[in-house]
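Here's the structure we're looking at; comments come further down.
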Amino acid sequence: MGNAPGANPAMSSARAYGLHRVWTVFWIGLVAGTLDISENIIFNAFRRTTPYQIFQYIASGLLMASRSRWAARRWRLVWRSIMRLR
């Protein structure tokens, strides 16, 4: 009903399905990342490590990874995979 005249309804359905998959992956990653960081904060609290130090460590790993060729290839592969979902 909301489709323009001559539009292919199957195409809009496929696009909506692809968008749904992207959002599903996003939310799963967000929940998993939140649980992972929470676990690290709780576990390292017994070692007297502050959350600030934990986030600093995570950020340093991300920054160092971005400088390597292997990381660049990995990000290109991730980007291509995301683009295929569209």
| request: Taking the residues in the stretch 54-73 that are in a helix (DSSP H, G or I) and open to solvent by less than 90 Å² (accessible area, probe 1.4 Å) as candidates, determine which candidate is modelled with the lowest pLDDT. | output: A65
| field | Checking A45 against (1) in contact with a helix residue (DSSP H, G or I) (Cβ under 9 Å, 6 or more places away or on another chain); (2) at pLDDT below 75; (3) surrounded by 11 or more Cβ atoms within 10 Å (Cβ to Cβ), the condition it does not meet | value | (2)
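The values are calculated or read from the model by the stated rules, or taken from the named source; none is laboratory data. Just so it is clear, the model here is predicted, and its values are computed rather than measured. Using ideal geometry, Cβ is built from the backbone for each residue, glycine included, and neighbour counts are taken over all protein chains shown. These area figures cover heavy atoms from the full protein model, side chains too; ligands, DNA and RNA do not enter into them. Shrake-Rupley method; radii C 1.70, N 1.55, O 1.52, S 1.80 Å.
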